[in-house]
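Visitor: Below is a structure I'd like to ask you about.
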Amino acid sequence: MKGKIVLVTGANGGLGTYVTQAFLDSGATVIGTSRKIQQSDFSNPSFSAMPAEISTREGAKVLVDQVAARFGKLDVLVHTVGGFAGGQSIADTDDATFQRMFDLNLNSVFNILRATIPALRQTGDGRIIAIGSRAALEPGAGVGAYSASKAAMVSLIRTVALENKDAGLRANVILPGTMDTPANRKAIPNADVSKWVRPAAVANLITWLAGDSGKDINGAVIPVYGSDV
Ligand SMILES: NC(=O)c1ccc[n+]([C@@H]2O[C@H](COP(=O)([O-])OP(=O)(O)OC[C@H]3O[C@@H](n4cnc5c(N)ncnc54)[C@H](OP(=O)(O)O)[C@@H]3O)[C@@H](O)[C@H]2O)c1
């Protein structure tokens, strides 16, 4: 990935940390973004931290303008920003929870897509890899707002794949099951973590899709459920 400019959203998150490190290891130049990202989060000269709030259109635009000014192009977008809320049936889901899930899981991807697609089209070989969730295809009781927001983002990514194939842009979405992240270990202390998806495995798949190997894959919705199939 030498010479490639990669933007990772949620770069300091449970998955984003692995994704950022995997791209740095592959020789890419990586711009990591989140609200609280810091330059000291990765000790690699090819890493640049650019804090941004991407649940607003303006926040995403300012970020991508900064990337263009500093690096002159964008080859890969990896969007990992997202979050979970559960425990309420649809009948009991309050407006604030529903809105938060859609801001975090749908509006953020909508905003970053609108901001980055023009630059990604320009490269002639751009890549978008977004992180959905197993719940996008398999809704469960009590997680309706989360599942609906992730299902909608899958639809957006597939649309982007169709709309931009003329420019060599590939857009795919990965649907992880529960991942072995520090936050999940804390939230579910007695779980059998061997059944959980390894974030490093998802990161490897993402770099594979972003490289020459992923050139023929477009509009794919890829489940990664670990041993819990
Ligand atoms: N963990 C799982 O088991 C699991 C399972 C299936 C799917 N997923 C999906 O996989 C993705 C990554 O999960 P994760 O566990 O790594 O999540 P995470 O640790 O909570 O990371 C979320 C990242 O998003 C950033 N972020 C949140 N709101 C933001 C905003 N408005 N603007 C900019 N950045 C924002 C956070 O950083 P700041 O706080 O610094 O902004 C953080 O870097 C998510 O989309 C999640 O829904 C996770």
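Visitor: In a loop (DSSP other than H, G, I, E, B), farther than 22 Å from residue 154 by Cα, within 15 Å of the ligand (Cβ to nearest atom) and open to solvent by less than 20 Å² (accessible area, probe 1.4 Å): does that describe residue 31?
Guide: Answer is no for this residue.
Visitor: I'd like to verify a number: residues in region 1-20 that are within 13 Å of the ligand (Cβ to nearest atom), open to solvent by 20 Å² or more (accessible area, probe 1.4 Å) and in contact (Cβ under 8 Å) with a residue 40 or more places away in the chain, how many?
Guide: Here the count works out to 4.
Visitor: Could you list, in sequence order, all residues of region 177-229 that are of a type in the set (S, T, N, Q) and modelled with pLDDT of 95 or more?
Guide: Within region 177-229, 178, 181, 184, 204, 207, 213, 218 meet the criteria.
Visitor: Going by the structure shown, is residue 62 over 16 Å from the mean Cα position of the chain (by Cα), within 19 Å of residue 120 (Cα to Cα) and among the β-branched types (Val, Ile, Thr)? Outline the logic, then answer.
Guide: Numbers: over 16 Å from the mean Cα position of the chain (by Cα): yes; within 19 Å of residue 120 (Cα to Cα): yes; among the β-branched types (Val, Ile, Thr): yes.
Here the answer is yes, as residue 62 does meet what is asked.
Visitor: Are there any pairs with C-beta distances below 6 angstrom linking a residue in region 87-113 that is more than 17 Å from residue 133 (Cα to Cα) and in contact (Cβ under 8 Å) with a residue 60 or more places away in the chain to a residue that is in a helix (DSSP H, G or I) and of a type outside the set (Asp, Glu), with the two at least 6 apart or on different chains, and if so which?
Guide: What qualifies is 112/60.
Visitor: Let me ask something additional. Given the structure, is residue 94 surrounded by fewer than 19 Cβ atoms within 10 Å (Cβ to Cβ) and farther than 26 Å from residue 122 by Cβ?
Guide: yes
Visitor: Which one of the conditions (1) open to solvent by 30 Å² or more (accessible area, probe 1.4 Å); (2) under 28 Å from residue 94 (Cα atoms); (3) within 11 Å of the ligand (Cβ to nearest atom) does residue 223 fail to meet, given that it meets all the rest?
Guide: (2)
Visitor: Another question about this same structure. Where residues in region 35-84 are of a type in the set (Phe, Trp, Tyr) and open to solvent by less than 80 Å² (accessible area, probe 1.4 Å), which of them is nearest to the ligand (Cβ to nearest atom)?
Guide: 42
Visitor: Determine, yes or no, whether residue 111 is within 12 Å of the ligand (Cβ to nearest atom), within 14 Å of residue 9 (Cα to Cα) and in contact with a Lys or Arg (Cβ under 6 Å, 6 or more places away or on another chain).
Guide: yes
Visitor: Let me ask you something else. Within region 140-163, work out how many residues are away from the ligand (no atom under 13 Å from the Cβ) and more than 19 Å from residue 111 (Cα to Cα).
Guide: Summing the residues that are away from the ligand (no atom under 13 Å from the Cβ) and more than 19 Å from residue 111 (Cα to Cα) in region 140-163 gives 3.
Visitor: Report, by residue number, each residue of region 107-130 that is open to solvent by 30 Å² or more (accessible area, probe 1.4 Å) and within 20 Å of residue 149 (Cα to Cα).
Guide: Of everything in region 107-130, those that are open to solvent by 30 Å² or more (accessible area, probe 1.4 Å) and within 20 Å of residue 149 (Cα to Cα) turn out to be 107, 110, 114.
Visitor: Residues of region 167-185 being within 11 Å of the ligand (Cβ to nearest atom), open to solvent by 40 Å² or more (accessible area, probe 1.4 Å) and charged (D, E, K, R), which ones?
Guide: Within region 167-185, just 185 meets the criteria.
Visitor: How about region 95-108: which of its residues are within 9 Å of the ligand (Cβ to nearest atom) and acidic (Asp, Glu)?
Guide: Answer for region 95-108, where residues must be within 9 Å of the ligand (Cβ to nearest atom) and acidic (Asp, Glu): just 103.
Visitor: Condition test on residue 53, is it at pLDDT 95 or above, out of contact with any strand residue (DSSP E or B) (no Cβ under 9 Å at 6 or more places or on another chain) and not in a helix (DSSP H, G or I)?
Guide: Yes, satisfied.
The values are calculated or read from the model by the stated rules, or taken from the named source; none is laboratory data. These numbers come from a predicted model, not from an experiment. Note: ideal-geometry Cβ built from the backbone for every residue, glycine included; neighbour counts use all protein chains shown. We work out accessible area using only protein heavy atoms, side chains counted, and drop any ligands, DNA or RNA first. Shrake-Rupley method; radii C 1.70, N 1.55, O 1.52, S 1.80 Å.
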